[in-house]
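Engineer: This is the structure, below, for whatever I ask next.
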Amino acid sequence: MVNTSAISAHEVDFFYGDFQALKKINLDLEERRISAFIGPSGCGKSTFLRLLNRMNDAVAGARMSGRVLVKGRSIYDRNADPVEVRRKVGMVFQKPNPFPKSIYENICYGPRLVGIKKSADLDSIVEKALRSAALWEEVKDALNKSALALSGGQQQRLCIARSLALSPDVLLMDEPTSALDPIATAKIEEWIKEAARELTVVIVTHNMQQAARVSDATAFFYLGELVEFGPTKELFTNPVNKRTENYITGRFG
Ligand SMILES: Nc1ncnc2c1ncn2[C@@H]1O[C@H](COP(=O)(O)OP(=O)(O)OP(=O)(O)O)[C@@H](O)[C@H]1O
Ligand SMILES: [Mg+2]
């Protein structure tokens with residue numbers, strides 16, 4: 001049996017104008033695993049994450065080379081559809097960004113865009129997504145309430161639910177808990193571990209304890225390079241590269 005990676009990057013270079021933000025990145029992420037991206041500020045973590053669902057397409061003056069495959073399909077081929085790519089590879093950002101609409105409408109937004117109209121179908125998508133994001137019990141009696149009236153942690157779980165409503169294969173999370181308190185953070189971490197039964201998760205984090213707590217594999221980026229990638233326990237206890245060791249022991253970053 002061929003074991004297809006959820007995400008596979010080959011020789012990826014990325015430039016903002018003249019500035020090279022990513023250098024020859026090669027990385028394979030296994031399906032239904034949680035991977036953490038760590039590294040000091042400005043080393044290219046978010047740039048790389050955004051490449052995985054074509055979120056950098058709109059950046060003026062930027063260019064990339066190399067290949068990115070999602071489940072074996074090249075997402076930068078001429079005939080690859082960016083909208084379809086983003087359906088399969090969802091994204092959650094640092095700051096929760098719900099639409100100024102009801103909880104219900106936030107989750108229906110994507111499904112409606114792809115043509116799902118029947119209210120019974122939408123109702124069940126909303127319930128399933130909210131349950132999956134561990135928010136259902138808190139909001140089931142207030143689905144028409146504005147999403148902006150939720151707490152920060154609830155808003156972030158709503159954004160997760162919104163991504164899940166399109167049944168993605170991969171969820172990319174860029175510092176998803178950095179704006180949240182420890183309790184809300186713990187809930188999201190719990191959720192991530194549960195979610196990996198069905199989903200491939202990539203989380204960018206500055207918090208090394210978080211990377212150690214939630215991830216199966218960790219990638220250390222430094223100055224646009226992928227320095228080291230391996231099982232989280234090994235990378236944190238026995239790093240191969242001196243730069244990884246310096247970073248995880250707090251000598252820089
Ligand atoms: N839109 C842009 N235009 C020009 N340069 C950019 C742009 N976005 C990022 N960069 C530069 O690319 C490099 C990588 O940035 P990126 O945001 O990927 O880093 P990061 O590792 O996510 O950092 P942080 O941990 O602070 O979020 C940085 O030097 C940054 O200044
Ligand atoms: Mg970033």
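Engineer: With r as the distance between the Cβ atoms of Ala142 and Arg32 and R0 = 41 Å, compute the FRET efficiency 1/(1 + (r/R0)^6) and round to 0.05.
Structural biologist: Details: r = 32 Å, r/R0 = 0.79.
Calculated value: 0.80.
Engineer: For a label point 7 angstrom out from the Cα of Ala149 toward its Cβ, which stretches of the stretch 80-117 have the backbone nitrogen within less than 16 Å?
Structural biologist: Zone members listed by number: 99-106.
Engineer: Sticking with this one: Please give every one of the lysines within straight-line cross-link reach of Lys23, meaning a C-alpha to C-alpha distance under 18 Å, and leave out same-chain neighbours fewer than 8 residues apart.
Structural biologist: Lys45
Engineer: If the viscosity is 0.692 mPa s and the temperature 37 °C, what translational diffusion coefficient in µm²/s does Stokes-Einstein give for the stretch 99-167 when Rh comes from Kirkwood over Cα pairs?
Structural biologist: Numbers: Rh = 11.5 Å.
Answer from the Stokes-Einstein relation: 285 µm²/s.
Engineer: Defining a contact as two alpha carbons under 8 Å apart and six or more residues distant in sequence, what relative contact order in percent does the chain show?
Structural biologist: On the way: 479 pairs, mean separation 69.2, N = 253.
Relative contact order for the chain comes out at 27 percent.
Engineer: Continuing with this model, one more query. Within the stretch 1-33, find all residues whose amide N lies under 16 Å from a label point positioned 7 Å from the Cα of Ser65 along Cα-to-beta-carbon.
Structural biologist: Only 10-26 pass the distance filter.
Engineer: Same structure again: If you consider only alpha-carbon coordinates, what radius of gyration and Dmax does the stretch 1-119 have, in Å?
Structural biologist: Radius of gyration, then largest Cα-Cα span, for the stretch 1-119: 16.2, 50 Å.
Engineer: Going by average Cβ density within 10 Å per residue, which order do the peptides 213-219, 115-121 take, highest to lowest? List each step's numbers first, then the result.
Structural biologist: Working: 213-219: 22.4, 115-121: 9.4.
Result, highest mean first: 213-219, 115-121.
Engineer: Return the lysines within reach of Lys117: Cα separation strictly under 17 angstrom, same-chain partners fewer than 8 residues apart disregarded; answer none if there are no such residues.
Structural biologist: Those lysines meeting the cut-off are Lys128.
Engineer: Please work out the FRET efficiency for the pair Asp57 and Glu198, using the Cβ-Cβ distance as r and a Förster radius of 35 Å; give the result to the nearest 0.05. Don't skip to the answer; put the middle values down first.
Structural biologist: Values: r = 27 Å, r/R0 = 0.78.
The pair Asp57/Glu198 has a calculated efficiency of 0.80.
Engineer: Still on this structure, please answer the following. Can you run phi through the Karplus equation (6.51, -1.76, 1.60; θ = phi - 60°) for the stretch 118-134 and list ³J(HN,Hα) in whole Hz, with x for Gly and Pro?
Structural biologist: Ordered by residue, 3J(HN,Hα) equals 4, 5, 5, 5, 5, 4, 6, 4, 4, 5, 5, 5, 5, 5, 4, 8, 6 Hz.
Engineer: Please report the orientation-averaged projected area of the stretch 1-43, defined via the convex hull of its C-alpha atoms, in nm². Please list the in-between numbers first.
Structural biologist: Details: hull surface 15.9 nm².
One quarter of the hull surface, i.e. the mean projection, equals 4.0 nm².
Engineer: Explain nothing, just compute: Karplus ³J(HN,Hα) = 6.51 cos²θ - 1.76 cosθ + 1.60, θ = phi - 60°, for every residue of the stretch 26-39 in order, whole Hz, x for Gly and Pro.
Structural biologist: 10, 7, 10, 10, 6, 5, 6, 10, 9, 10, 10, 10, 10, x
Engineer: Determine the distance separating the Cα centre of the stretch 192-253 from the Cα centre of the stretch 3-50; give it in Å without decimals.
Structural biologist: The stretch 192-253 and the stretch 3-50 have Cα centres spaced 13 Å from each other.
Engineer: Treating each Cα of the chain as an identical point scatterer and ignoring solvent, apply the Debye formula and state log10 I(q)/I(0) at q = 0.12, 0.14, 0.17 Å⁻¹.
Structural biologist: For the chain, the Cα-only Debye profile gives -0.71, -0.95, -1.33.
Engineer: Towards the positive end of the charge dipole of the chain, with charges on Cβ (+1 Lys, Arg; -1 Asp, Glu), say which of Phe93, Ser46, Ser74 has the farthest Cα.
Structural biologist: Of the listed residues, the answer is Ser74.
Engineer: Still on this structure, I have one more. With springs only between Cα atoms under 10 Å, which of Gly90, Gly39, Gly61 fluctuates most in a Gaussian network model of the chain?
Structural biologist: Ranking Gly90, Gly39, Gly61 by mean-square fluctuation puts Gly61 first.
Engineer: In nm, give the distance between the simple-model label positions of Arg112 and Asn79, each being 7 Å from the Cα along the Cα-to-Cβ direction.
Structural biologist: Label at Arg112, label at Asn79, 3.3 nm between them.
Engineer: Taking a spot 7 Å from the Cα of Glu11 along the direction of its beta carbon, which residues of the stretch 44-65 have an amide N less than 17 Å from it?
Structural biologist: Residues passing the 17 Å test: 64-65.
Engineer: Each residue of the stretch 223-230 in turn: what ³J(HN,Hα) in whole Hz from Karplus with 6.51, -1.76, 1.60 and θ = phi - 60°, glycine and Pro shown as x?
Structural biologist: 6, x, 10, 8, 7, 7, 9, x
Read the figures in this text as sums done on the coordinates, not as results from a lab. Quick caveat: nothing in here was measured; it's all calculated off a predicted structure. No Cβ is skipped: glycine too gets one built from the backbone with ideal geometry, and neighbour counts run over all protein chains shown.
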